[in-house]
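Below is one structure, written out as structure tokens; comments come after it.
The values are calculated or read from the model by the stated rules, or taken from the named source; none is laboratory data. None of these values were measured; they are calculated from a predicted model. All Cβ positions, glycine included, derive from the backbone under ideal geometry; neighbour counts span all protein chains shown.
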Amino acid sequence: MNVLAPVPSSLEAELRAHVGRHVEKTFDWDAFPSNRGFPDLERAQMRYIGAGGSPKVGDTSTLKPEHFTVSLIYKHVGKYAACHAHEIEESFLIIDGVLTVGWEKDGEVVEVKLGPKDMILNARDIGHGFRNDGIEPVLMSISVDVGKPLPPRYLYHPKNTAPALARSFGAEPGKTIPFSVTGDHPLQQHMARYVIRHSEQPTLWDAAGFTRKVYVGPGGIESDTCRKEMLGIPAGAGVKPYSRDVEDAFLVLEGSLTVGWEDEAGNGVEVELGPRDLVMNPAGRRHWFRNNSAGPVTVWQVIGTAEPETVRFEAA
């Protein structure tokens, strides 16, 4: 006898439709057509929310963006991304490997190396590129702080720049400056305001029993677009339903997170997310999270406003 699976409720179906499963997605090695014909620029993108700077805005496998995009970028050892600029802020959160990021101005470049859970928020209209100088591939999460960003403006691309100059993000020999938070070069000082080291960022304990490291927002990098935080949720910890007037997204980095939604009648549904799974919670939707597993969970959270936190979390 065939046993039919229960038909999901409309709330459950809606929740499932807002989940991006890592194992159900595919890396796109042609996400950036401007890289075609230039093997050193090779990189792959996995889109979760919006196109994330790729011109492939019609990808129906991604969630519709509102205030931000979220995607993963994979970069082989030795490959780089040409120096470009955006009209809006864009963050790089390193998940695996070590990434070199360069900022260019007037032919000088400041380079910083970022390791796992470090982040840089690339400022508006600042020429920036990145390169994998390490010994292992780099995986990072990129978030562009607008739903539909304009195409990037390339400043030093090998199609119209000498390859060595493109690889150095536009710096002639002797014009590359190391990153320093105490440096006196104006570009060093500018970049220093946009780099977050995970190990140096304060760990804040919420009264509901989980930790927060603020990357972008009050207590972190100043911004007028979105807030971004790293959450640490111990085994057994969770919060009661809450809502925001903007969307937020959870990208699980480590562990397993249970996320629930509640409708107007108080009915609830849940879904479990594993590493590199994502859920986007729409504005106004009451939702909660809980760690049902035996180990801790690390979650990257993006919130579609720069305003200070108004939610007062209650332990479940």
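Could you say which residue among 231, 257, 251 is touching a strand residue (DSSP E or B) at 6+ places or on another chain (Cβ under 8 Å) and farther than 23 Å from residue 146 by Cα?
257
Which is free of Cβ contacts under 8 Å to residues at least 40 places away in the same chain, closer than 17 Å to residue 128 by Cα and not polar (S, T, N, Q), of 164, 171?
Going through 164, 171 in turn, the sole match is 164.
Look at residue 229 and say whether it is acidic (Asp, Glu), surrounded by 12 or more Cβ atoms within 10 Å (Cβ to Cβ) and outside any loop (DSSP other than H, G, I, E, B).
Taking the combined requirement at face value, the residue satisfies it.
Per-residue answers, yes or no, for (1) in the same structural domain as residue 206 (by TED's automatic domain parsing); (2) at positive phi; (3) in a strand (DSSP E or B):
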{"site": "249", "(1), (2), (3)": "yes, no, yes"}
{"site": "252", "(1), (2), (3)": "yes, no, yes"}
{"site": "260", "(1), (2), (3)": "yes, no, yes"}
{"site": "266", "(1), (2), (3)": "yes, yes, no"}
{"site": "275", "(1), (2), (3)": "yes, no, no"}
{"site": "287", "(1), (2), (3)": "yes, no, yes"}
{"site": "293", "(1), (2), (3)": "yes, no, no"}
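Can you pull out the residues in the stretch 38-52 that are among the hydrophobic types (A, V, I, L, M, F, W, C), in a loop (DSSP other than H, G, I, E, B) and either modelled with pLDDT under 95 or in contact with a Phe, Trp or Tyr (Cβ under 6 Å, 6 or more places away or on another chain) (or both)?
Across the stretch 38-52, the qualifying residue is only 51.
Suppose the filter is charged (D, E, K, R), within 23 Å of residue 192 (Cβ to Cβ) and touching a helix residue (DSSP H, G or I) at 6+ places or on another chain (Cβ under 7 Å); does residue 113 pass it?
No, not satisfied.
Of the numbered conditions (1) more than 19 Å from residue 193 (Cβ to Cβ); (2) crowded, with 23+ Cβ neighbours inside 10 Å; (3) at pLDDT below 95, residue 148 satisfies every one except a single condition; which is it?
(2)
Have a look at 171, 208, 164, 192 and point out the one that is among the small types (Gly, Ala, Ser) and either on the phi > 0 side of the Ramachandran plot or loosely packed, with under 14 Cβ neighbours inside 10 Å (or both).
Result of the check over 171, 208, 164, 192: 164.
Identify, from the list 217, 183, the residue that is assigned by TED's automatic domain parsing to the domain that holds residue 113 and of a type in the set (Gly, Ala, Ser).
183
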